[in-house]
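*Asks:* What follows is a structure written as structure tokens; I'll ask about it next.
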Amino acid sequence: MSSIMVRTTQKVIVHVAIFILALVPLVSATEKHKKKIVHECNDHKVLELSPKLSFQIILHGFLLWASMGFLMPIAMLVIRMSNKEENGRRLKMIVYAHAALQVLSVLLVAVATIMSVINFENFFDNTHQRLGLALYVAIWLPLIAGIFRPDKGSKNRGVWYAFHWLIGVTVTLLGIVNLFIGLQAYNTKTMKSTSIWNWFFSVEVAVIAFIYLFQEKWHYIKQSGGILGNESVRPTDQESSPTQKKELSPSS
């Protein structure tokens, strides 16, 4: 019963996340500008970035995309491959790959955060910065939970799994949302178009969500294929009657 509730909760969260992420590119983030303004365009204050600052912002965004927008979702897809895996060696490889992706993701977020602290003005007066700070703290929780994973069969295993899964999914979804918010903030401050990146991330999220849902049915599809394959082979195709064997046998 609990496993059914967990699967139902997972599906609801994924569908809600897809709906939210579809709306994010359409929402404009309102931000207060604390940097030097160099010119105005149509009554909207526009920031002119130096080449160095522009590169730092792009690198900051790329690192966060690679971490929360790519590696963490891939880590989720990888660990789901272990649900029906019975081979011990492959199961270990899947778990180690999941852990490696998580560790790399946390390291990239740490680098992006350090860049932000050193190079950007952080007044935490906008959604992107506040959510980013909360995510930097929260992203360590799945990693710490993975280190202190209880043994299978222990009474705390179910609680641990629910916490590890929920915090991992929440951090990943909010990280993706914050990527869209960051793009909107960049567009608002610089008036540079980010529509191509919005569409790129939207397509990427849709593909990841499709694979996530497809994994739910893959085991059933394989089982159905096996049943159909067995039914298509009739005994008459495998065995020959005694008369046929006599006809096919070479004459002595």
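The values are calculated or read from the model by the stated rules, or taken from the named source; none is laboratory data. Note that the structure is predicted; figures quoted are calculated from it, not measured. Glycine also receives a Cβ, built like all others from the backbone with ideal geometry; neighbour counts cover every protein chain displayed. All accessible areas refer to the heavy atoms of the entire protein, side chains included, with ligands and DNA or RNA removed. Shrake-Rupley method; radii C 1.70, N 1.55, O 1.52, S 1.80 Å.
*Asks:* Could you list the square roots of 5 times each eigenvalue of the Cα gyration tensor of the range 70-136, that is, the equivalent ellipsoid semi-axes, sorted largest first and rounded to whole Å?
*Replies:* For the range 70-136, the ellipsoid semi-axes come out as 35, 12, 6 Å.
*Asks:* Under a plain spin-label model, where a point goes 7 Å from the Cα along Cα-to-Cβ, how far apart in nm are residue 120 and residue 214?
*Replies:* 3.4
*Asks:* Please work out the FRET efficiency for the pair residue 140 and residue 192, using the Cβ-Cβ distance as r and a Förster radius of 25 Å; give the result to the nearest 0.05.
*Replies:* 0.15
*Asks:* Same structure, new question: Working out 0.36 nm times the residue gap between residue 155 and residue 74, then minus their Cα-Cα distance, what length gain in nm do you get to one decimal?
*Replies:* Contour length minus the Cα-Cα distance gives 26.3 nm.
*Asks:* Within the accessible area of the range 84-200, what % is carbon and sulfur when the probe is 1.4 Å and the other protein chains stay in place?
*Replies:* Heavy-atom surface of the range 84-200 belonging to carbon and sulfur, 1.4 Å probe: 69 percent.
*Asks:* Find, among the trypsin sites (Lys or Arg not before Pro) in the range 83-134, those assigned to loop by DSSP (not H, G, I, E, B) with at most 13 other beta-carbon atoms within 10 angstrom.
*Replies:* Those that pass, being in a loop and sparsely packed, are 84.
*Asks:* A further question follows. For the range 135-224, run through the chymotrypsin sites (Phe, Trp or Tyr not before Pro) and keep only the ones in DSSP coil with at most 13 other Cβ atoms within 10 Å of their Cβ.
*Replies:* Those satisfying the criteria are 148.
*Asks:* While we're on this one: Give the residue list of trypsin sites (Lys or Arg not before Pro) in the range 154-221 that are DSSP loop and have at most 15 other beta-carbon atoms within 10 angstrom.
*Replies:* 155, 192
*Asks:* Which is farthest toward the positive dipole end of the range 41-114 among 104, 81, 50, measuring Cα position about the Cα centre, with Cβ charges +1 (Lys, Arg) and -1 (Asp, Glu)?
*Replies:* Checked the options; the winner is 81.
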